[in-house]
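The values are calculated or read from the model by the stated rules, or taken from the named source; none is laboratory data. Quick caveat, the model's predicted, so the values are computed rather than measured. Virtual Cβ from ideal backbone geometry, glycine too; neighbours counted across all protein chains shown. Side chains are part of the model used for accessible areas, which takes the heavy atoms of the whole protein and leaves out ligands, DNA and RNA. Shrake-Rupley method; radii C 1.70, N 1.55, O 1.52, S 1.80 Å.
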Amino acid sequence: MKCFYAAEQALHAPASELNRGTMGSPFEAASRAATVATALTDAGIGPLMPPSAFPDAIVARVHDSGFLEFLRTAHDEWRALGRDGDAMPMCWPGTTMYPMRPGAGLDARLGHYCFDIMTPITATSWTAARASVNTALAGAQVLTSDGQGSAFALCRPPGHHAGIAAYGGYCFLNSAAVAAQYLRDNGARRVAVFDPDYHHGNGTQQIFYDRDDVLYVSIHADPQTDFPFYSGFSDEVGSGAGEGFNLNLPLPQGTRWPEWEQALQTALAALTRFAPDALVISLGVDTLEGDPLCHFNLQSDDFARLGQRIARLGLPTLFVLEGGYQLDLIGRNVVRTLQGFLNR
Ligand code: OKP
Ligand code: ZN
């Protein structure tokens, strides 16, 4: 399987993260990618290839231009204000009740675009996030060039929480969504995004919410107990032309394979009905038992089963890495998923 990773992705490495009231080491660390790369190589999947540079216009197909300009320049502005460390918001509009004022200062824009306090912007976050999108696009290009096949994009920082004009949940740019749109723009009439990450991909949902050409299906922890809290409910089914093209399957904390597999059957049935020309998987492996941020109880073998079920859809498939925070186990479970997919 063709696999992609850009060395620049490691340039996003914030100094710390606020978790449950305490500053500590970031969970979404650059070493996550290194462990996945090692596991892929050891398993004989790969090799990892660097992506080529895709034009910014492709990213602007799903993201707001003011938002992209903000992300690109925020840390320079932070420094110009004489501040050290990573750029973080300190104040939020609270809801979207206020209009964004032209010329709003950096703190206003940090609070406007960011929806949490776990996603600092470093001097090189933009470079890393942009490279992560290239990695996903290189994978998507494999699907368009042979119309078959599959690819793995070792994306990090992750992407599925990044919305049209919003970042958070460790995500800046929505690599899976950009890749899905790229597939639409290059011959696929319908594209499905399946998101088995522990967390609801609120960004991906938002980007495609009113569209019937991109189906979004997600299995995730109930937003009543888990991040991102405000979206991922089962009554969010899409709007306008997109009604019926967004499927959320929330599950309670403690969920194990038998119940998770039932949701998977529902997801696979919806994907089959939609009959897409290409499939993007937002592959989070944070559903593994013992993940420090998550509360599902999947086992390593379950990831092979997941890969197998995805393969049975018989679709050109791009895997994009999202979450997974047990450093020593992420690589193994990514490999299990891909092996399950490759061996059917
Ligand atoms: C990103 B992805 C951290 C609190 C835990 C984690 C949410 C980000 C998950 N301080 N929240 O979907 O794996
Ligand atoms: Zn996650």
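Brief remarks on what is shown
- For the range 131-273, a simple Cβ point-charge model (Lys and Arg +1, Asp and Glu -1, everything else neutral) yields a dipole of about 360 debye relative to the Cα centre.
- Note on the chain: antiparallel DSSP beta bridges, both residues inside, total approximately 15 percent of the bridges counted.
- Counted as membrane-span-like here are DSSP H helices of the chain whose alpha-carbon atoms extend 27 Å or more along the helix's own axis and whose Kyte-Doolittle mean is 0.0 or above; these are 125-146.
- Computed with a 1.4 Å probe on the full set of protein chains, the accessible area for Asp328 sits at about 130 Å².
- Residues of the chain: accessible area per residue with a 1.4 Å probe, Å²: 40 Å²
- Cα gyration tensor of the chain - equivalent ellipsoid semi-axes, whole Å, descending: 29, 22, 21
- Rounded Å value of the spacing that divides the Cα centres of the range 1-29 and the range 213-230: 22 Å
- Estimated vicinal HN-Hα couplings, Hz - the range 198-208 in sequence order (Karplus 6.51, -1.76, 1.60; Gly, Pro = x): 4, 9, 5, x, 4, x, 4, 4, 4, 4, 10
- Normalising the average separation of contacting C-alpha pairs (under 8 angstrom, six or more residues apart) by the number of residues puts the relative contact order of the chain at 18 percent.
- Selected from Ala162, Gly331, His199, residue furthest toward positive end of dipole (the chain; charges at beta carbon): Gly331
- For the range 304-330 versus the range 75-137, the gap between their alpha-carbon centres in whole angstrom: 30 Å
- Largest mean-square fluctuation among Ser239, Ser282, Ser150, in a Gaussian network model of the chain whose springs join Cα atoms under 10 Å apart, belongs to Ser239.
- Contact order relative to length of the range 1-154, as percent, for alpha carbon pairs under 8 angstrom and 6 or more apart: 40 percent
- Only protein atoms count toward the accessible area here, which uses a 1.4 Å probe; on the chain, the carbon and sulfur part of that area reaches 53 percent.
- Descending by average beta-carbon neighbour count within 10 Å, the peptides 52-58, 222-228, 232-238 line up as 222-228, 232-238, 52-58, the highest first.
- Under the Karplus curve 6.51 cos²θ - 1.76 cosθ + 1.60, θ = phi - 60°, whole-Hz ³J(HN,Hα) for the range 81-91, x wherever Gly or Pro sits: 7, x, 9, 9, x, 8, 6, 9, x, 10, 8
- Taken about its Cα centre, the chain carries a charge dipole of roughly 640 debye when the Cβ of each Lys and Arg holds +1 and the Cβ of each Asp and Glu holds -1.
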